[in-house]
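Everything below concerns the one structure shown next.
The values are calculated or read from the model by the stated rules, or taken from the named source; none is laboratory data. Source: prediction; values computed, not measured. With ideal geometry, Cβ positions are generated from the backbone for all residues, glycine too; neighbour counts draw on all protein chains shown. Note: accessible area is taken over every heavy atom of the protein model, side chains too, but ligands, DNA and RNA are not part of it. Shrake-Rupley method; radii C 1.70, N 1.55, O 1.52, S 1.80 Å.
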Amino acid sequence: MNTFPIIRVITKVLIPYILLFAFYVQFHGDFGPGGGFQAGVIFAAALILYGLVYGLPALQMVAPPRVVEKLIALGLLIYGGTGIACMLLGGNFLDYNVLEHHFLTELPAAIDFLPGEGPHHFLPEGQHLGIFLVELGVGITVTAVMTMIFYAFAGREPVA
Amino acid sequence: MTMDQFLGLYNYWIVIFLMMTGFYIVIARENLIKTIIGLNIFQTSVFLLYITMGKVTEGTAPIIRNGGGHHEEEHGAAEHVGHAALGREVELGHSVSDVSAIQHASYLENTNPPASPPLDGLADATATSGALEQNTHIVAEYQGVIYSNPLPSVLMLTAIVVGIATTALALALIVRIREEYGTIEEDEIIELDRNS
Amino acid sequence: MMNFIVIPILLLLALTAVTVARIRNLWAAVMFTGIYSFLGASWMLILDAPDVAFTEAAVGAGISTILMLATLSLTPRKRHQDGHLQSDDFDEKPRKKSPVWPLLVVTITGFALIYGTFDMPHFGSPEAPIQVYPDPSFISKSQHDMHGLPNVVTAVLAGYRGYDTLGETAVIFTAGIAVLLILRRAPNEGLKHADQESEVVAAANLINQADENSDGELTQEADS
Amino acid sequence: MLVEHALVATAVAILTTMTLALIRAMLGPTIFDRVLALNMFGTKTVLLICVVGFLTERTDFLDLALLYSLMNFIGMVALLRFSQFGGFGDSKDGSPVKPEAQG
């Protein structure tokens, strides 16, 4: 695609915004439309766009397959790990209620430098924290799976 | 066939038409990629069928309008959100100024007098849902706003992503078939199998 | 009022679906599948399912199109010697058998389904079973349980149905692994064929690379 | 009420344009007709989403319009790249493996 400067420039300008949008969808998914699935797909789409325009080797330098294939498992692990953590804290599997008042929200007043009524003002807890973690896991898995599938297809040598 | 029936059912008919188009592609076409495309169309029409069933007249999307993660409200006012404002039998069709007179019947059999719900965004929904006066006791309603059913959305959300994953798997198999047989036409593949 | 918007969208959807069924060029069929996804997602938005519309637009019009095109580039009818591809390399083979039987099957099935819809609750009816069971107050309940999380879809997806979503994530994980297992190794590596036959294939491939003549026929002979 | 009527009229006009674009995409003799028609169709979908958002008074769904335009762009790049180079694979230096005949 070296002969198409307009597409190259536009892509380069656009990709940060697509990634930002993916993060927005991921972390704002509890409040508006969106969530882990959608964010993962959008994030992967941004990576794939980079691969389409700048070539597969360039993309594989940004997101090495060796790393991405580990992320596939990591996402599922975060999801399952949230459930296990809930069990360790005394609840049932994926019972987020036990995540209420976790250690970050119980910070002593001495290091409570954030405005508002303490750090808990900003930190998710309970159901919010559980859903946040679970969606994060889903997002990571979906991103990694979609990217790896693109690698598998685009990296395939055509046969006669 | 009455007009009422047509207006009530034409959504389903279009969905069935789309479904049958996908079905036709699957059974009539011999190109494997085309078959997958037909399967995708079929799949999407099933999503549409589910989503159609979840819609309520005059309802809005199941994302709470005045929500937004107000933390103080959660902790300070969780009680009244949880108990007082859970009215199900709301006499809609009142004018906006009558909102405080809306009669709440808490599903928790809580006989406390209702705290007045936030007024923003209540106005238009209350005004537009007059048509539902007889039926309001059963729809999913919260703070005077009617919401469509979120359950079909949830089911279809996961189904879409699983669908793309399985589609990718099918496409990978097609690539392998092309490499082994040299064709992706079903009849040629069967022919090659028969001759081997 | 909304019908003025919904009915044209539905007609466009039907038109696109029929076009996909009729068109022989697979490139164009993939393109129309993207259009179909966009239209379907627009309708989902009107039907109060913005989350699903979000997913459908991202998946159907973005990733799905790219994957189909990637598959298409690996499966042309035949690859010419100099590597050039013509646009008709991605056409379906002209069909010989008549479409009467499939049409008949599809029509009968379709009418059976339409007959079934006469018993269905009308569109948007608040008395439909889906609106009554389970207890429709669960939107309010979720507001209570989730401390005011506005998106009920997310609440149900990750909260109430957390096990289900874990399963779905596992399905995606498994599908991804399966695709990698299928496509990662080189085309002729690890075949379970008789050794001689695969050697013949390899030899034919070597000849093809040197030979200027039609390679497709040679490979096919070697395969069969 | 007047605003609502105006929005519905806008939506109907957009849908008419979408229909015309779809017909062009169906008839389109060359690839470029189809690609242009598809691009226009995607843009009109974005507009339709905005109009529907205002009509149903859920303007927080304008996120969706953003997503649609992004996906339209990505899909368009993929389609054009495919029609130009016939594949997504690349050689090491980043240049396409197979130049494609025009058509």
| said: If I go through the range B:8-21 residue by residue, how many of them are more than 19 Å from the chain's Cα centre (by Cα) and more than 7 Å from chain C (Cβ to nearest Cβ)? | reply: 0
| note | Restricting the range D:20-32 to residues that are part of a helix (DSSP H, G or I) and open to solvent by less than 50 Å² (accessible area, probe 1.4 Å), the one modelled with the lowest pLDDT turns out to be D:Ile31
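Listed here are the residues, each with its yes/no results for (1) hydroxyl-bearing (Ser, Thr, Tyr); (2) part of a loop (DSSP other than H, G, I, E, B); (3) modelled with pLDDT under 70; (4) over 22 Å from C:Pro150 (Cβ atoms).
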{"site": "A:Gly80", "(1), (2), (3), (4)": "no, no, no, yes"}
{"site": "A:Leu94", "(1), (2), (3), (4)": "no, yes, no, no"}
{"site": "A:His101", "(1), (2), (3), (4)": "no, yes, no, yes"}
{"site": "A:Leu104", "(1), (2), (3), (4)": "no, yes, yes, yes"}
{"site": "A:Ala110", "(1), (2), (3), (4)": "no, no, yes, yes"}
{"site": "A:Phe113", "(1), (2), (3), (4)": "no, yes, yes, yes"}
{"site": "A:Gly116", "(1), (2), (3), (4)": "no, yes, yes, no"}
{"site": "A:Val142", "(1), (2), (3), (4)": "no, no, no, yes"}
{"site": "A:Tyr151", "(1), (2), (3), (4)": "yes, no, no, yes"}
| request: Tell me which of these A:Pro64 doesn't satisfy, since it passes every other one: (1) touching an Asp or Glu at 6+ places or on another chain (Cβ under 7 Å); (2) farther than 27 Å from B:Leu157 by Cα; (3) without any contact (Cβ under 8 Å) to a residue 24 or more places away in the chain. | output: (1)
| How many of the residues making up the range B:22-63 are within 29 Å of B:Glu185 (Cβ to Cβ) and not charged (D, E, K, R)? | 22
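Table: residues versus (1) assigned by TED's automatic domain parsing to the domain that holds B:Ile164; (2) modelled with pLDDT under 50; (3) of a type outside the set (Phe, Trp, Tyr); (4) open to solvent by less than 10 Å² (accessible area, probe 1.4 Å).
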{"site": "B:Tyr10", "(1), (2), (3), (4)": "yes, no, no, no"}
{"site": "B:Phe23", "(1), (2), (3), (4)": "yes, no, no, no"}
{"site": "B:Asn40", "(1), (2), (3), (4)": "yes, no, yes, no"}
{"site": "B:Ala61", "(1), (2), (3), (4)": "no, no, yes, yes"}
{"site": "B:Val81", "(1), (2), (3), (4)": "no, yes, yes, no"}
{"site": "B:Gly93", "(1), (2), (3), (4)": "no, yes, yes, no"}
| note | When restricted to C:Ala41, C:Ala61, C:Ala70, C:Ala53, the only residue modelled with pLDDT under 90 and within 8 Å of chain D (Cβ to nearest Cβ) is C:Ala61
| field | Matching option when the condition is of a type in the set (S, T, N, Q) and assigned to a helix (DSSP H, G or I), among A:Thr11, A:Thr3 | value | A:Thr11
| field | Condition met for C:Gly40 (within 21 Å of A:Thr143 (Cβ to Cβ) and surrounded by 23 or more Cβ atoms within 10 Å (Cβ to Cβ)) | value | no
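Hey, any hits in the range A:45-61 for a residue that's more than 11 Å from every other protein chain (Cβ to nearest Cβ), under 25 Å from A:Val25 (Cβ atoms) and either in contact with a helix residue (DSSP H, G or I) (Cβ under 7 Å, 6 or more places away or on another chain) or without any contact (Cβ under 8 Å) to a residue 40 or more places away in the chain (or both)?
No.
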| said: Within the range C:8-31, does at least one residue satisfy the condition of being facing another protein chain (nearest Cβ under 7 Å), open to solvent by 10 Å² or more (accessible area, probe 1.4 Å), touching a residue at least 12 places away in the same chain (Cβ under 8 Å) and not in a helix (DSSP H, G or I)? | reply: no
| request: Quick one: count up the residues across the range C:127-146 that are open to solvent by 50 Å² or more (accessible area, probe 1.4 Å) and assigned to a loop (DSSP other than H, G, I, E, B). | output: 4
